[in-house]
Amino acid sequence: MSPRDFVQAHATDNRLFSGRFFSSEPLEVTPGDRVGVVLLVPGAPEKTEEVLPFLYHRLMLPRGTRSGWKLWLKHFQSQFSARLLSRHIIPEYRSIGGGTAINRLNREQSVELKARLISTDLLPGGVDVSTYIASPFGTPSMVQAARELQADGVTHVILLPLFPQYALETTGKALSMWESLVQKRVLDTRPTLAIYEFSTRSKYIAALSERIEEALQRFPRHIRPEVEIVFAAHGIPTKGEANHRDPYPSLVEGTVKEIMSLRNDDRSYSLSFVRRRSWGDQVSVDLRERLRRMARAGSRAVVVVPVDYVTEQFDTAFLLDVRMREVAEAAGIPHYQVASGLNCHPLFMDGLTDLVVESLVAAPSEG
């Protein structure tokens, strides 16, 4: 996508802050209709040649509104940064098995969700449901997902971002790019609903709490009582008047509050927003400093809990579990664990199923 395409798609659209590109009202369906549930995911490059364009799209997606010379400047900065970062990212991706393993988890979620929807008796009768995955960053391709949906004869669309908290850089961009596919006639116009966030849904919160319990079991028994929780969230905007309108930070804080409320505030915890100066080596500046401060305060055991990803990602598999582990151990924290992603956790998948079921209603019969 060229810089001009970015402008046309979303660069000056204030809906980036509210997500109101599509209706949030339940879709009315009748027997014979086919519903396509599109899981909007972070994605990951699966081949070496995909790394550079993937990084470019991560970097190029503008924060707030940009147009004119500022957008073109961002375009050239993103190209340059992507080339520099790719030299580091490619070997790091290889060290965790590449992006294929990451995208496989999203495919498993898609298959599991479809199976649950097919087996439930809560959907309107006679309605067929298919699932698809698409990333605003390039892999898996949003255009390919749209073409598959078109070829399958889908009559109604549910856009379900697997970003729990709405952010203009993730869900906002994904929704605006999907709208641009309709405007460019890659995809015909059809009734479409978008689910904006599920940051405090009870089954999502309960699934996260269970992942914390699983992580705590990896600590020696005598250490468990002193384990502190550090919740990690990614990509908080740090400056710019437009960025203050992004609901993401407050939604993340709401997620953390609900988790600890469910756990009855059973241990010390903190929230670390991962500030990005550039995508790659600088992604964990805030967390790095927090771990060092905790070590100086006498902390010996920490579990890091990503709260805005629902599968294992590069940020968790390498940056948190490898690089930040090195930081923690060097700082004097000998016991360090990272909670696993939700992936296909039964409670989480139940929650996604509920979201789809709630999005569909039987159209009133005529006469």
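The shape of segment 152-206 comes out oblate: with a ≥ b ≥ c from the C-alpha gyration tensor, a/c is at least 1.5 while a/b does not beat b/c.
Report the gain in length on full extension from residue 222 to residue 152: 0.36 nm times residue separation, minus Cα-Cα distance, nm rounded to one decimal.
Working: separation 70, 0.36 × 70 = 25.20 nm, distance 5.57 nm.
Computed gain between residue 222 and residue 152 is 19.6 nm.
Tell me, what is the FRET efficiency for residue 322 and residue 357 to the nearest 0.05, using R0 = 22 angstrom and their Cβ-Cβ distance as r?
Details: r = 39 Å, r/R0 = 1.77.
Taking R0 as 22 Å, the efficiency between residue 322 and residue 357 is 0.05.
Hey, with R₀ at 51 Å, roughly what FRET efficiency would residue 293 and residue 34 work out to, going by the Cβ-Cβ distance, to 0.05? All intermediate terms of the calculation are to be shown ahead of the outcome.
On the way: r = 54 Å, r/R0 = 1.05.
About 0.45, to the nearest 0.05.
Let's test the formula: R0 of 30 Å, r as the Cβ-Cβ distance of residue 264 and residue 101. What FRET efficiency results, to the nearest 0.05? It comes to 0.25. Once both labels are positioned 7 Å from their Cα atoms along Cα-to-Cβ, the gap between residue 300 and residue 108 label points is 3.5 nm.
A short reminder: the numbers here are calculations on the coordinates, not readings from a lab. All values reported here derive from a predicted model rather than from experimental measurement. As a convention, Cβ positions derive from the backbone with ideal geometry for all residues, glycine included, and neighbour counts pool all protein chains shown.
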